[in-house]
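Undergrad: Take a look at this one; I'll ask things after.
The values are calculated or read from the model by the stated rules, or taken from the named source; none is laboratory data. Bear in mind that the values here come from a model prediction, so they are computed numbers and not experimental data. Here the Cβ is made from the backbone with ideal geometry for all residues, glycine too, and neighbour counts use every protein chain on show.
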Amino acid sequence: MSILNYTTKIEADQTVGEIQRILAKHGANAIMNQYDDQGYIKSLSFKMNLNGKEIGFRLPTDWRPILVILKNDRDVPGKLKSDEQALRVAWRIVKVWIEAQMAIIETKMVKMEQIFLPYVVTKNGETMSEKFINDPKFLLGKGDE
């Protein structure tokens, strides 16, 4: 079975715009794109006011693992095994994920900060998930207890 959205023809820029509109509709008050050296969007950052505080979030999107999957899937046509297609697919997957998260938030099952906690930007500029990966004892104490 091939990866979700592998046949998409929707450009990454268009998908990122759709994601921005979804986030704005749900309270984002500032949104910024970051680009890699090839000019591809590598992350989307946004701010929201949560409980009276401005909180920053950064959603990274690495298309390179998608490219590996596309290249290794015999069912994917050769024309869909490109950097640009992997970028399109990666952002479509993120969009689907965000839409699903917003549906859960709208039901009041969880709050925005619960869903996006791994992507909160800390004072030193790394996300909570990066902080945890770089220093697991951040959340686990000494790690030997």
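Undergrad: What are the pairs, 6+ residues apart or on separate chains, where a residue within the stretch 15-30 that is more than 16 Å from T61 (Cβ to Cβ) has its Cβ under 9 Å from a residue that is of a type in the set (D, E, K, R) and assigned to a helix (DSSP H, G or I)?
TA: Cβ pairs passing all conditions: H26/E106.
Undergrad: Another question about this same structure. Filtering the stretch 62-83 down to residues that are hydrophobic (A, V, I, L, M, F, W, C), part of a helix (DSSP H, G or I) and in contact (Cβ under 8 Å) with a residue 40 or more places away in the chain, which residue is surrounded by the most Cβ atoms within 10 Å (Cβ to Cβ)? Working first, answer last.
TA: Kept after step one, since they are hydrophobic (A, V, I, L, M, F, W, C), are these residues of the stretch 62-83: 63, 66-70, 76, 80.
Filter once more, so that each one left must be part of a helix (DSSP H, G or I): 66-70, 80.
In the following step, the residues that additionally are in contact (Cβ under 8 Å) with a residue 40 or more places away in the chain were identified as 66, 69-70, 80.
On the way: I66: 24, I69: 16, L70: 22, L80: 19.
Applying the filter and picking the extreme gives I66.
Undergrad: Is the stretch 27-35 home to any residue that is at pLDDT 90 or above, out of contact with any Lys or Arg (no Cβ under 6 Å at 6 or more places or on another chain) and part of a loop (DSSP other than H, G, I, E, B)?
TA: yes
Undergrad: Quick test of your reading of the structure: G39 fulfils all but one of (1) of a type in the set (G, A, S); (2) loosely packed, with under 14 Cβ neighbours inside 10 Å; (3) assigned to a helix (DSSP H, G or I). Name the failing condition by number.
TA: (3)
Undergrad: Follow-up. Here is a check on your reading of the model: is T107 closer than 17 Å to I22 by Cα and among the hydroxyl-bearing types (S, T, Y)? I'd like the intermediate steps shown before the answer.
TA: Working: closer than 17 Å to I22 by Cα: yes; among the hydroxyl-bearing types (S, T, Y): yes.
Taking the combined requirement at face value, the residue satisfies it.
Undergrad: Just checking, which of E11, E54 is among the acidic types (D, E) and at pLDDT 95 or above? Let's see the steps before the verdict.
TA: Details: E54 fails: at pLDDT 95 or above.
The unique qualifying residue is E11.
Undergrad: Right, here's the next one. When you check I55 against the structure, is it under 26 Å from E126 (Cα atoms) and either more than 14 Å from the chain's Cα centre (by Cα) or part of a loop (DSSP other than H, G, I, E, B) (or both), yes or no? Before the answer, list the steps.
TA: Working: under 26 Å from E126 (Cα atoms): yes; either more than 14 Å from the chain's Cα centre (by Cα) or part of a loop (DSSP other than H, G, I, E, B) (or both): yes.
Taking the combined requirement at face value, the residue satisfies it.
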